[in-house]
Amino acid sequence: MRPRRTERVDPADAEPGRLPEGRLTENLLSRVPKSAQPFVATLVRSIFAQPSAEEVAAQLARVIEQLTPRFGPAAELLEAAGPDITAFATFPSEHWRQIWSNNPQERLNREIRRRTDVVGIFPNRGAIIRLVGAVLSEQHDEWAVARRYMSAESLAKAMVVVIDGETEELLEEVKRELVAAG
């Protein structure tokens, strides 16, 4: 069995907006002394623990302000990544945990890696495409039916655009469309 390859993003080469919350924290912590890492990690986690979008933005600003004097490079990375890591706050709060986490994606990648490791060597490109396609199809079915990641009602709420007092009518229309779609 061949050893597992860990894919890490070099903090110096990282694009701030392309990192999920966990990877951002890793890269931030690589820019501060080891003794300060628990403190900085707690500050960053506090951004995601806020109850409203306004408080998320305010906490991000406070954290950047607090990090700037002692940990300038970390504060710069956090400031550059700010709009991307707080994008989750534009959705309804019940979706936040699913949006800021990349655990389902990582779980899917591990399953694909596990199945390709079992096979080992593929006879041609088509064989690996069929295997990965089957895994993706299984996962799609599981997410769509068995493990409802986000309910139809909460997705409808996320899609609602408020137009002066017509919220209830619009919500009912979206619900009917979602039910009709399946």
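Checking each residue of region 99-117 against the condition of being touching a helix residue (DSSP H, G or I) at 6+ places or on another chain (Cβ under 7 Å) and over 22 Å from HIS140 (Cα atoms) gives no match. Could you list, in sequence order, all residues of region 68-93 that are touching a Lys or Arg at 6+ places or on another chain (Cβ under 8 Å) and assigned to a loop (DSSP other than H, G, I, E, B)? Within region 68-93, PHE71, PRO92 meet the criteria. Each residue in region 55-96 was checked for being among the aliphatic types (A, V, I, L, M), without any contact (Cβ under 8 Å) to a residue 24 or more places away in the chain and closer than 14 Å to LEU24 by Cβ, and 4 of them qualify.
Scanning region 113-138 for residues that are among the aliphatic types (A, V, I, L, M), at pLDDT below 90 and in contact with a Leu (Cβ under 9 Å, 6 or more places away or on another chain) turns up just one, VAL119. Criterion applied to VAL44, VAL40, VAL56, VAL32 was being touching a helix residue (DSSP H, G or I) at 6+ places or on another chain (Cβ under 8 Å), of a type outside the set (D, E, K, R) and not in a helix (DSSP H, G or I), and the one residue passing it is VAL32. From the list ALA36, ALA74, the one residue that fits, being buried (at least 17 other Cβ atoms within 10 Å of the Cβ), at pLDDT 90 or above and of a type in the set (Gly, Ala, Ser), is ALA74.
When ASP164, ASP141 are checked against the criterion of being exposed (fewer than 13 other Cβ atoms within 10 Å of the Cβ), farther than 29 Å from ARG45 by Cα and either at pLDDT below 70 or in the same structural domain as PHE48 (by TED's automatic domain parsing) (or both), a single residue qualifies: ASP164.
The values are calculated or read from the model by the stated rules, or taken from the named source; none is laboratory data. Source: prediction; values computed, not measured. Positions of Cβ are generated from backbone atoms using ideal geometry, with glycine treated the same way; all protein chains shown enter the neighbour counts.
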